[in-house]
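**Q** Could you have a look at this structure, given as structure tokens, before my questions?
The values are calculated or read from the model by the stated rules, or taken from the named source; none is laboratory data. For clarity, every value in this text was computed on a predicted model and none was experimentally measured. In this analysis, Cβ positions are derived from the backbone assuming ideal geometry, glycine residues included, and neighbour counts consider all displayed protein chains.
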Amino acid sequence: MVKRFNYQERRLVECDNEQSQFIAYINPTEAERRYLVDTLRLDEHTLNSALDPDELSRLEFEPEHVAIIYKRPRNYSAKDQFLFKVSSVGLFLFRDKLIIVMVDDAPLFEGILFSRPPTPAFVMLRMIYRSIFHFLEHLKIISQISDELQTKINTAMENRQLINLFTLEKSLEYYLNSINSNGALIDKLRVNSAKIGFDTEEQELLDDIYIENNQCFKQAEIYSSILASLMDARASIVSNNLNVLLKTLNIITICIMVPTLVVSIFSMNVKIPLAEQPTAFWTIMLMALLSVTLVIFVWRFRRW
């Protein structure tokens with residue numbers, strides 16, 4: 001699928017202009033791939049890397065363009081079961097246009113405003129900048145989910161909540177690797193800014209991207225460290241809750257067994273005391289009740 005964008009009222013909006021400077025290929029077909037490789041001279045390996053979610057961020061210089069692979073978080077859905085995933089995006093910067101290649105459809109320029117018609121290089125940097133804030137938004141969501149799971153774990157007696165926490169921890173590892181990979185890419189962009197041809201405004205934006213990405217990485221690192229350090233404590237909470245439940249069940253079992261023993265003794269098919277007494281039934285019931293009371297008293301006195 002191909003999408004083209006033009007500048008209109010401070011935004012980049014989708015259009016049908018064949019001469020657009022900003023073109024996005026979402027999960028390109030074989031024909032579109034052949035056009036990108038044969039006509040636009042994109043490196044086929046780099047093109048495939050842009051569609052590979054496990055590819056690392058990198059910067060490459062080609063004869064007619066600059067190729068950039070960067071990481072961004074994928075949109076989360078309920079079917080992901082608390083697993084936050086990342087994907088790769090390919091940006092191919094030509095002198096007069098920007099080619100975007102990605103495996104899944106996502107809002108590229110939603111919420112991005114421009115004070116003037118942007119250059120392809122500026123749009124490229126804004127996309128990387130936007131991915132950093134996307135990571136930060138997901139980190140806040142992960143933190144909120146972690147707090148909710150912690151509340152449920154305080155009363156939980158099963159492993160489901162812990163498994164969800166393990167999944168969140170795995171997501172944070174993915175995010176840490178991706179943000180760190182983007183950081184290496186940003187460093188290379190700063191070193192080669194003159195070679196790429198960034199102007200003053202673009203250089204300032206690149207400096208902001210560098211700072212924001214470092215802060216994003218540190219925040220993800222803190223969340224990951226906290227989540228990992230509390231996993232053992234949370235597992236102990238679940239184990240303790242299970243022990244409390246077993247203790248309660250034991251109390252109930254003993255409280256039932258003692259009066260059952262009393263009643264069973266007086267139910268034997270032999271001659272027993274009180275057999276001729278008209279109040280024998282109520283006497284036995286009273287003895288059973290007293291036995292339950294005695295068990296509860298001893299249990300509380302010994303603080304079992």
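**Q** Output the residue which, of all residues in segment 200-224 that are free of Cβ contacts under 8 Å to residues at least 40 places away in the same chain and over 20 Å from the mean Cα position of the chain (by Cα), is farthest from His138 (Cα to Cα).
**A** Of everything passing the filter in segment 200-224, Thr200 is farthest from His138 (Cα to Cα).
**Q** Further question: Based on this model, can you work out whether Phe122 counts as outside any helix (DSSP H, G or I) and assigned by TED's automatic domain parsing to the domain that holds Ser224?
**A** no
**Q** Residue under question is Val101, and the condition is that it be touching a helix residue (DSSP H, G or I) at 6+ places or on another chain (Cβ under 7 Å) and within 23 Å of Arg190 (Cβ to Cβ); does it hold?
**A** No.
**Q** Would it be correct to say that Glu173 is surrounded by fewer than 20 Cβ atoms within 10 Å (Cβ to Cβ), free of Cβ contacts under 8 Å to residues at least 60 places away in the same chain and within 30 Å of Asp43 (Cβ to Cβ)?
**A** Yes.
**Q** Inspect segment 151-164 for any residue being charged (D, E, K, R), in the same structural domain as Leu51 (by TED's automatic domain parsing), closer than 26 Å to Asp208 by Cα and in contact (Cβ under 8 Å) with a residue 40 or more places away in the chain and give the result as yes or no.
**A** Among the residues of segment 151-164, not one is charged (D, E, K, R), in the same structural domain as Leu51 (by TED's automatic domain parsing), closer than 26 Å to Asp208 by Cα and in contact (Cβ under 8 Å) with a residue 40 or more places away in the chain, which makes the answer no.
**Q** Next question, about the same structure. If you check Leu286, Leu206, Leu249, which single one turns out to be at pLDDT 80 or above, in the same structural domain as Arg126 (by TED's automatic domain parsing) and of a type outside the set (Ser, Thr, Tyr)?
**A** Residue meeting the stated conditions: Leu206.
**Q** Taking Ser143, is it at pLDDT 85 or above, part of a helix (DSSP H, G or I) and out of contact with any Lys or Arg (no Cβ under 7 Å at 6 or more places or on another chain)?
**A** Values: at pLDDT 85 or above: yes; part of a helix (DSSP H, G or I): yes; out of contact with any Lys or Arg (no Cβ under 7 Å at 6 or more places or on another chain): yes.
Answer is yes for this residue.
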